[in-house]
Amino acid sequence: MTDSCLKQLAARRIFQVEYAQEAVKQGSVVVGLVNKTHAVLVGLKRNAEELSSYQKKVIEIDSHMGIAIAGLASDARVLSNYMKQQSLGSRMTYGRPIPPDRIVSQIADRAQLNTQQYGKRPYGVGLLVAGVDEAGPHLFEFQPSGLTHEMLACAIGARSQMARTYLERNMDKFLNCSRDELITHGLRALKETLSQDKELTIDNTSVGIVGLAGEGAKGKFESFKLYEGQDTVPLLEAVEQSESGGNAGESMEVDS
Amino acid sequence: MNHLPEIWGRPRNDIYGSYNPSYLKTSGPITHTSSPTVTGTSVVAVKFNGGVAIAADKLASYGSLARFTDVKRLRVFANSSVVGFGGDVSDMQYIDRLLESIDIREHYSTHGNMLNAKNLLTYLSKVFYKRRSQFNPLWNHVLVAGFDGNGAPFLSSADLLGNTFSAPHMATGFGAHLAVPILRRLFPEERPIEDITKDNAVAALQECMKVLFYRDARSLDEYSIAVITKDGVEVKEDEKVQAQSWAFAEAIRGYGAQTA
């Protein structure tokens, strides 16, 4: 072991891992939150230049699970492909959707191995994993270090602190709210992170939702649904309405 | 001390003559089991209102020899499912170890083991199919009893080829010939499962175990019985066939040294 290695460990720090965590902070923000019935992921998509397409932020893994990414999209693709394979494997051998906590610990093990093996580097991506199992909806945060937490609400990526503040302040409101209200809370948290000259549009907003099926539905779970482009119009309108409605009951003109 | 490992533990050449080295051969064609050796006979199971009952006798036969008389052929999984094994007993023990390792792995999960009987059957049929495709089958026919994903009673079978088959009452081995007709008479197709009580189901299994002991020469009058309900699995490992009457044996003609 080299001298610098020993120094790192004496300080209980591995710089490579810390640099990887910086990559997550550079990525555009994603927010996740759960209530009793649903788990929601929302993300702010970025385009590299005016004429290019937007980078995907929310990815469906299986019909009961999706992820939102912040950081290196190519590393996220590796992880999401692995998660898709594992989910399919579970459906094949056991005929059941893989429990989200299981797959999260699997990717955590993989990521941790990358932090201590010769010739490897940590994944430069953070994930929010939203899924549903027999016990209900779950949200997990995954970091390049291999650290994972189950969360009630979480935001990662650039300027995510603003979203976390919103989530902390409004937690009691969304724990028992409806499906649509949960999406609105997610989008409002996302909106908090925007700089002055930016706003949420149908092009830069991604929403994913999964949860328990309502009364009288066919299956137990409501399949993962991804809203992008035109599909986000009603969701963004709901955000505007909730903001104007929240203004001490005073109706306000909102330009759309 | 002799330093050649291949000599260790073998009869000494100077006393017993030289050892036949062909026994040490590691090369040559791979050979697989092509018939079971120590076997268990029938497993019988019935669905009833709110659960499933399953029974198997405690005999492991070595050919026609009643070799072991205290073998438990019902395996409880996660206190919610039961697997009943017919066929090779060593393969049953191998599958038991597979299930044990799955159970341990599943319990690492925060919410505990959530594999239900249906998931278990899917898994077992894949294991059987994989092994038969390697031309090295696990020589068993199993019944899996428990509940499916919607909480309804579940009963299904998987065989050594990976086939699965499901019915409201089923039996493996000789029971498929002797017990299923009895069960069909007691619980005809038009009688809904909701009409069958737990006591009906247990009584039917007791009757089946008796007939099997009468007519299946590889069976025993001691058996295990398990009742799976929403409250968990209730297993009795030392049941005995009650009220045996061999009077009917007098009337049997055509075997042995009878003259008339």
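State the answer as a single residue: which of B:GLY50, B:ASN119, A:PHE224 lies farthest towards the positive end of the charge dipole of the protein assembly as shown, with beta carbon charges of +1 for Lys and Arg and -1 for Asp and Glu, about the Cα centre.
Among B:GLY50, B:ASN119, A:PHE224, the one farthest towards the positive end of the dipole of the protein assembly as shown is B:ASN119.
If you average 1/r over every pair of different alpha-carbon atoms in the protein assembly as shown and take one over that average, what Kirkwood value in Å do you get? List each step's numbers first, then the result.
Numbers: mean 1/r = 0.0361 Å⁻¹.
Evaluated over the protein assembly as shown, this radius sits at 27.7 Å.
Loop by DSSP (not H, G, I, E, B), at most 11 other beta-carbon atoms within 10 Å: where is the longest site-free stretch of chain A for trypsin sites (Lys or Arg not before Pro)?
A:14-119
Around B:SER22, with a cut-off of 14 angstrom between Cβ atoms, what is the net charge of the other residues, counting Lys and Arg +1 and Asp and Glu -1?
Details: positive: B:ARG10, B:LYS25; negative: B:GLU6.
Summing Lys/Arg as +1 and Asp/Glu as -1 gives +1.
Averaged over its residues, how many other protein chain Cβ atoms are within 10 Å of peptide B:105-118's Cβ atoms?
Mean partner shielding for this stretch: 3.
Rounded to the nearest 0.05, what FRET efficiency is calculated for B:PHE165 and B:SER35 with R0 set to 22 Å and r the Cβ-Cβ distance?
Details: r = 23 Å, r/R0 = 1.03.
Computed FRET efficiency for B:PHE165 and B:SER35: 0.45.
Apply the Debye scattering formula to the range A:45-134, with a single equal point scatterer on each alpha-carbon and no solvent, then give log10 I(q)/I(0) at q = 0.15, 0.19 Å⁻¹.
Here log10 of I(q) over I(0) equals -0.62, -0.89.
What net charge do the residues around B:ARG191 carry, taking every other residue with its C-beta under 14 Å from that of B:ARG191, with Lys and Arg at +1 and Asp and Glu at -1?
-1
If you average the alpha carbon positions of the range A:71-100 and of the range A:17-36, how far apart do those two centres end up, in angstrom?
Answer, in whole Å: 19.
As an exercise, identify the chymotrypsin sites (Phe, Trp or Tyr not before Pro) in the range B:36-129 lying in DSSP coil whose Cβ has no more than 16 other Cβ atoms within 10 Å.
Qualifying residues, ordered by number: B:TYR108.
Rounded, prolate or oblate for the range A:69-203? Axes are the square roots of the Cα gyration tensor eigenvalues, ordered a ≥ b ≥ c, and the cut-off for rounded is a/c under 1.5.
Oblate, since a/c reaches 1.5 and b/c is not below a/b.
What does the C-alpha gyration tensor say about the overall shape of chain A? Classify as rounded when a/c is under 1.5, otherwise prolate if a/b is larger than b/c, or oblate.
oblate
How many angstrom lie between the C-alpha centres of the range B:161-177 and the range B:202-232?
15 Å
Taking a ≥ b ≥ c as the square roots of the Cα gyration tensor eigenvalues, with a/c under 1.5 meaning rounded and otherwise prolate when a/b beats b/c, else oblate, which class fits the range A:138-239?
The shape class here is oblate.
Per-residue mean of other chain beta-carbon atoms within 10 angstrom of the beta-carbon, peptide A:59-67?
0
How long are the semi-axes of the ellipsoid equivalent to the range B:38-242, from square roots of 5 times the Cα gyration tensor eigenvalues, in whole Å, largest first? Before the final figure, lay out the partial values.
Values: eigenvalues 111, 95, 48 Å².
Calculated on Cα positions only, the semi-axes equal 24, 22, 15 Å.
For every helix of n ≥ 4 consecutive DSSP H residues, a contribution of -39,500 (n - 2.57) applies; sum these over chain A, divide by its total residues, and give [θ] at 222 nm rounded to the nearest 500 deg cm²/dmol.
-12500 deg cm²/dmol
At 7 Å along the Cα-to-beta-carbon direction for both B:ASP96 and B:TRP8, put a label point, then send me their distance in nm to one decimal.
3.1 nm
Between their Cα atoms, which of A:LYS56/B:LYS126; A:LYS220/B:LYS118; A:LYS36/A:LYS198 are more than 27 Å away from each other?
With Cα atoms farther than 27 Å apart: A:LYS56/B:LYS126; A:LYS36/A:LYS198.
Throughout, read-outs are computed from the coordinates displayed, never taken from laboratory work. All values derive from a computational prediction rather than experimental measurement. Ideal geometry is used to build each Cβ from the backbone, glycine not excepted, and the neighbour counts take in all protein chains shown.
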